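Peer 1: This is the structure, below, for whatever I ask next.
The values are calculated or read from the model by the stated rules, or taken from the named source; none is laboratory data. The structure displayed is predicted, hence computed values, not measured ones. Note: ideal-geometry Cβ built from the backbone for every residue, glycine included; neighbour counts use all protein chains shown.
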Amino acid sequence: MVKMSAADREIFEQSIYLPMVLSVLEYDRKVTEKTPFKLRIIYLNLIEHTMKLVQRDLKLIKDNMRLNKMKTVKGKNDGIFTKYEFYYKGYHEVHRYWNANLRNNTEKLLRAYFIEYKNN
C-alpha cells in the first residue's frame, strides 16, 4: 500500500463531501420552492448560486482525479458507518467513515460555501 499525501487525501474526501453538499442543496431548493413565505426568490438565488459554486469545484476535483488516475467508489452503509473504496496509483484502499462525521463535515463545508457567497 502506498502512503497517500495529505493533498491527495483531501481530494478523495472532497469527492465524497461535495456530492453530499449538492444533494442537501437540491433538497433545500425543492422545499423552498414549495414552501409559501415572503422573499422566497432570495433564498432560491442563494441556493442556486451555491449549487453552481459546488458544481464548479466538483468538476475540478473530478478532472484532477481523472488526470491522476484516482477513483472513489461508495460502498455499503450499515447505518453507522459508510465504506468508501479509494483507487490510487494502482492501489486499492478501503476507508470507513462514521455517518455522523460525514454529516458534520458536510455541514461545515456547506457553511463555508455560504460564507464564501457572503464575502463575494
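Peer 1: Which of (1) over 25 Å from Asn119 (Cα atoms); (2) of a type in the set (A, V, I, L, M, F, W, C); (3) over 19 Å from the mean Cα position of the chain (by Cα) is the odd one out, the single condition Leu44 does not satisfy?
Peer 2: Condition (1) is where Leu44 drops out.
Peer 1: Hey, another quick one. Of the numbered conditions (1) in a strand (DSSP E or B); (2) in contact with a helix residue (DSSP H, G or I) (Cβ under 8 Å, 6 or more places away or on another chain); (3) among the β-branched types (Val, Ile, Thr), Thr106 fails exactly one; give the number of that condition.
Peer 2: With (1) in a strand (DSSP E or B); (2) in contact with a helix residue (DSSP H, G or I) (Cβ under 8 Å, 6 or more places away or on another chain); (3) among the β-branched types (Val, Ile, Thr) applied to Thr106, the lone miss is (1).
Peer 1: Could you pull out the residue among Met51, Met65, Met20 that is modelled with pLDDT of 95 or more, surrounded by 12 or more Cβ atoms within 10 Å (Cβ to Cβ), more than 14 Å from the chain's Cα centre (by Cα) and in a helix (DSSP H, G or I)?
Peer 2: Values: Met51 fails: more than 14 Å from the chain's Cα centre (by Cα); Met20 fails: more than 14 Å from the chain's Cα centre (by Cα).
It is Met65.
Peer 1: Same structure, new question: Are any of the residues in the stretch 74-83 on the phi > 0 side of the Ramachandran plot and of a type in the set (Gly, Ala, Ser)? Give the steps one after another, and end with the answer.
Peer 2: Our first condition is that a residue be on the phi > 0 side of the Ramachandran plot; within the stretch 74-83, this holds for 79.
Cutting the leftovers down to of a type in the set (Gly, Ala, Ser) gives us 79.
Within the stretch 74-83, one or more residues are on the phi > 0 side of the Ramachandran plot and of a type in the set (Gly, Ala, Ser).
Peer 1: Please work out which residue is nearest to Ser5 (Cα to Cα), limiting yourself to the stretch 89-107 and to residues that are under 19 Å from the mean Cα position of the chain (by Cα) and loosely packed, with under 11 Cβ neighbours inside 10 Å. Can you show your working first?
Peer 2: The first filter runs over the stretch 89-107 and keeps only residues under 19 Å from the mean Cα position of the chain (by Cα), leaving 94-107.
The next check asks that each one be loosely packed, with under 11 Cβ neighbours inside 10 Å; those that pass are 94, 100.
Numbers: Val94: 16, Ala100: 25 Å.
Here the answer is Val94.
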